[in-house]
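What follows is a short report on a single structure.
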Amino acid sequence: GDSPTLGQWDPKRSPKLAVVSKDANASVWEGELPDSVAKAGTEFKYCLLVESKHMYCWESQGPLHRMPPAQDQHVLHHFNNGDADDSAGAALGASKASSPQAVASASSANDGLVEKRLRLLVPSAMCPVASKAASVAVVGEGPELGSWRLDAAPRLNLDESAASAAADRLFVGDIRSRSGAEFKYVLLLGGKVEPKWEANRPNRRFAVGASEDGAPPHHFDAREPHEGAGPAAGRPRSKAAAAAEEAHLAEVVEFAAGGDGADCCWIPWEHGHRGSAAGASAHPPRSIFHAFHWPFAEVRKHLKDFRDNGFDAVQLSPAQKSKHGKEWWTRYQPQDYTKIEGLGSADELRQLCADAQRHGVMIIADVVFNHMIVVAGAHEWQHAQRDPKKLTSLKRKLSEAVGPWLDAEDFQWPWFKMEGPHWDNDNRYEGWGNGEWSELRHCQKVVDLHNKHLKDLLDAGVRGIRFDAVKHMRPEHIGEYLKFLREQPFEVYAYGEVLSVDDSMHKEYMEPLSLPTTDFALTTYLNNVVLPTTTAETAAAGVRVSAERAAALDGIEVRRVSAAVSSSAGGPLRAPDTPTLAPNSVRFARNHDTVNNPGSFYGLSHTNCIDTRVVWAWLLAVHDGTVLVYPEDMLHPDSAPLLSRALKFRDRVGSKADASEVCIRYAAPKAAPAGAPAAAVSLRGPAALVAVTLRSSEGRVEGVCLLNLLRKSKLHVGAVPVRAGVGDRPVEELVAEDGSRVALQPDGQLTAGSGGAGRSLEINPRDGVFLSRAQ
């Protein structure tokens with residue numbers, strides 16, 4: 001189970017039962033658990049474990065079991081069938097000694113499925129594709145909701161009687177599921193149009209209750225009025241909570257003097273990194289447009305736009321022949337590495353690369369070498385472990401799907417379902433993801449086929465490679481592919497997707513392989529510290545503490561770090577170390593996994609393109625790193641203008657800088673209630689301003705970016721934060737985006753000229769200004 005006493009989902013650390021009887025039909029296992037371990041109401045699973053061979057057989061059917069009340073001495077459970085657990089008699093608290101509350105709790109835990117009428121309103125103004133939706137899928141946990149598989153999920157149908165002149169559409173259906181199951185709505189748009197998932201809100205939960213006929217309908221991709229703010233640091237916060245935090249602020253917030261006051265928190269960006277610098281053999285791109293699931297021909301049409309916006313690279317989705325289907329995830333289920341098929345032909349890829357080279361844009365291919373096509377669900381593979389004929393049949397099906405180049409013996413056996421903590425522990429290398437990913441075995445036959453695919457991509461003109469699911473491949477195996485790339489007569493950029501906030505996992509690939517990786521910890525940190533509801537102390541605690549909290553949301557334990565917050569009395573706060581993993585780590589405010597996949601993803605699944613636009617601007621403003629921009633954020637009318645300006649600033653200024661000075665300034669706090677103790681009086685209100693100052697190796701200012709983090713208030717900024725004790729600095733002349741000139745004084749004050757009157761820059765809510773060095 002989830003608690004430490006139940007091993008936190010690690011079978012090796014969990015309490016064990018011993019077999020007491022066995023016959024042809026069943027075996028019985030038995031053991032005693034003290035009340036301190038078996039806390040009443042705790043949910044758990046059973047897992048059959050052959051520890052010496054790393055073989056597991058988890059329960060995958062039916063609901064989780066629940067620990068009974070403490071007074072129950074004997075409990076009989078049924079493997080893989082929680083619905084069959086004894087719910088009467090002493091087993092689950094219905095004895096005479098049981099309290100009525102215990103009986104009710106036991107009954108509630110075993111009620112099973114409930115049916116509800118779900119009603120979903122899709123406003124046309126919010127979702128322009130609403131008029132194309134023929135039905136809506138309810139996709140979520142458990143087989144009743146398709147186990148997150150779109151093709152197996154139940155549907156809501158259009159209520160024709162509720163059509164309105166505004167073209168808002170209402171979808172209705174009776175859905176059965178387990179109370180508390182997480183789910184999302186997905187618009188099914190028909191034809192060749194990609195289904196649209198809810199992306200800008202947390203997962204929903206199937207609530208207890210009967211029909212919702214009399215209740216207001218849900219609203220597609222929006223928080224409902226009854227949904228409150230998320231708790232504690234690292235969890236999603238609602239806009240209502242943010243608005244409450246800013247409610248006391250004036251329409252315009254003034255920032256005048258320097259950066260040495262208590263309203264500042266300095267983020268040490270300019271030197272040092274959490275990991276060693278991963279020195280790639282090719283010069284890394286600075287800004288990548290992620291053409292996620294875009295056909296090659298469509299990418300080709302926009303190459304000039306990409307370059308004009310400051311992108312020097314475009315990343316494609318996997319190019320090989322994959323599982324047939326329109327969903328994005330089918331691209332990540334390879335079927336034949338010898339064919340370029342699905343997003344376009346090999347000829348179309350060559351034409352794209354040739355045009356990209358003329359525009360000065362690198363094409364990066366995404367390769368999936370850890371696993372291949374899914375041919376059966378986890379429950380089928382699990383059943384096959386006990387049925388040799390079934391196993392032979394499934395292996396034959398796998399061989400037919402990946403032939404003639406590979407067969408079933410090129411995959412990892414024995415089968416092991418990778419789930420829960422095994423995504424991140426030492427079992428992550430050989431497990432079958434979700435029990436379904438066909439996990440490839442490392443052998444020369446597989447490596448040769450993969451290298452042939454790499455050669456086909458390079459011959460077409462690809463000059464960058466993204467390795468998918470790197471943390472599930474051993475470093476020495478990734479090293480063989482890197483060796484092949486680095487032996488080419490031209491430079492090939494490469495980076496690896498390491499979906500983790502644990503630095504030690506990244507270092508397995510960064511240090512021995514000089515491979516840049518995806519900086520998920522930085523993403524969690526920045527998305528957290530820009531929130532109005534996050535305290536300055538959280539920002540000052542640093543990225544490692546933020547990562548630890550984010551990992552805890554997903555039940556993952558990373559190395560514990562003490563939060564050493566540094567500040568002088570009444571002075572600014574300082575984070576203990578730089579938040580970046582490496583100077584060339586790959587960074588993003590959100591990406592295709594956090595947007596499209598179910599689950600928490602370190603608390604990032606709640607982010608949307610509107611709220612993260614200031615995070616994108618921050619990432620693009622600093623001098624280092626590679627920024628991978630998600631397409632929706634670049635194209636959405638609410639986020640595109642700021643991102644476009646930040647990209648051009650990065651293209652124009654960033655390459656000239658060698659260091660970034662980053663400071664967060666906080667608005668004035670709410671007035672303390674009369675008689676409040678001194679310890680309860682806050683020194684800082686919500687985060688209001690991020691200031692990024694770019695400097696050359698000689699200390700010259702190359703550019704300044706100022707970002708307003710507030711949702712409603714404008715900022716008037718008359719000074720750029722400057723750290724105390726940095727020595728004499730000259731007056732710097734800067735140019736604003738409108739061509740006007742402003743002088744930056746040594747103390748950070750902004751003036752109309754080197755000796756002119758003070759000048760204040762106005763910044764609209766959730767917007768920014770960019771100043772460049774005058775030529």
For segment 286-341, the dipole about the Cα centre with charges only on Cβ (Lys and Arg +1, Asp and Glu -1), to the nearest 20 debye, works out at 80
Please report, to one decimal in angstroms, the Kirkwood hydrodynamic radius of segment 602-654 built from all distinct Cα-Cα pairs. 11.3
Per the rule of 0.36 nm per residue minus the C-alpha distance, extending ALA24 to SER179 adds in nm 52.2 nm
Go through ARG723, ARG119 and list them by solvent-accessible area, largest first, probe radius 1.4 Å. ARG723, ARG119
How much length would be gained if the chain were fully extended between GLU737 and ASN157, taking 0.36 nm per residue of separation minus their Cα-Cα distance, in nm to one decimal? 203.8 nm
Between the modelled labels at GLU762 and HIS302 (7 Å from Cα along Cα→Cβ) the distance in nm is 3.3
Rounded to the nearest 0.05, FRET efficiency between ARG117 and ASP448 (Cβ-Cβ, R0 60 Å) equals 0.60
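To the nearest 20 Debye, how big is the dipole of segment 328-454 about its Cα centre, given +1 on the beta carbon of each Lys and Arg and -1 on that of each Asp and Glu?
240
Beyond a 32 Å Cα-Cα separation, which of these cross-linked pairs lie in this structure: LYS471/LYS714; LYS323/LYS471; LYS390/LYS483; LYS184/LYS648? Working shown, then result.
Numbers: LYS471/LYS714 43 Å; LYS323/LYS471 23 Å; LYS390/LYS483 40 Å; LYS184/LYS648 36 Å.
Table pairs above 32 Å Cα-Cα are LYS471/LYS714; LYS390/LYS483; LYS184/LYS648.
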Taking the Cα centre of segment 715-775 as origin, work out the dipole magnitude from +1 charges on Lys and Arg Cβ and -1 charges on Asp and Glu Cβ, in debye rounded to 20. 100
Would you tally the net charge around PHE770, using a Cβ to Cβ cut-off of less than 10 Å, leaving PHE770 out, and scoring K and R as +1, D and E as -1? +3
Which residue, chosen from TRP423, TYR509, LEU485, occupies the Cα position most advanced towards the positive end of the dipole of segment 394-509, where the dipole is computed from +1 (Lys, Arg) and -1 (Asp, Glu) charges on Cβ about the Cα centre? LEU485
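If we sort 517-530, 144-157 on the protection proxy, mean other Cβ atoms within 10 Å, highest first, what's the order?
Ranked by mean Cβ neighbours within 10 Å, highest first: 517-530, 144-157.
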Under 10 Å from the Cβ of ALA691, count the other residues' Cβ atoms, weight Lys and Arg +1, Asp and Glu -1, and hand me the total. 0
Between ARG205 and ARG474, what is the label-to-label distance in nm when each label sits 7 Å out along the Cα-to-Cβ direction? 4.2
Any chance you could run the full-extension gain for TRP413 through ALA640? It's 0.36 nm times the residue separation minus the Cα-Cα distance, nm to one decimal. 77.0 nm
Using a Förster radius of 35 Å, what is the FRET efficiency between LYS132 and GLN357 based on their Cβ-Cβ separation? Nearest 0.05, please. 0.45
Straight-line reach from LYS45: which lysines fall under 22 Å, measuring Cα to Cα and dropping same-chain residues less than 8 apart? LYS12, LYS16, LYS22, LYS53, LYS417
Gyration tensor (Cα only) of segment 447-508 to equivalent ellipsoid, semi-axes in Å sorted down, yields 23, 12, 10
Within the set of other residues whose C-beta is less than 15 Å from the C-beta of VAL742, count the net charge using Lys and Arg as +1 and Asp and Glu as -1. -4
Can you pull the Kirkwood radius for segment 332-377, inverse mean 1/r over Cα pairs, to one decimal in Å? 12.5
Could you order SER345, SER161 by accessible surface area, starting with the largest, using a probe radius of 1.4 Å? SER161, SER345
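The values are calculated or read from the model by the stated rules, or taken from the named source; none is laboratory data. What you are looking at is a predicted structure, and each value in this text was computed from that prediction instead of being measured. We place every Cβ from the backbone using ideal geometry, glycine too, and count neighbours over all the protein chains shown. Accessible surface is based on the protein model in full, side chains and every heavy atom, while ligands, DNA and RNA are left aside. Shrake-Rupley method; radii C 1.70, N 1.55, O 1.52, S 1.80 Å.
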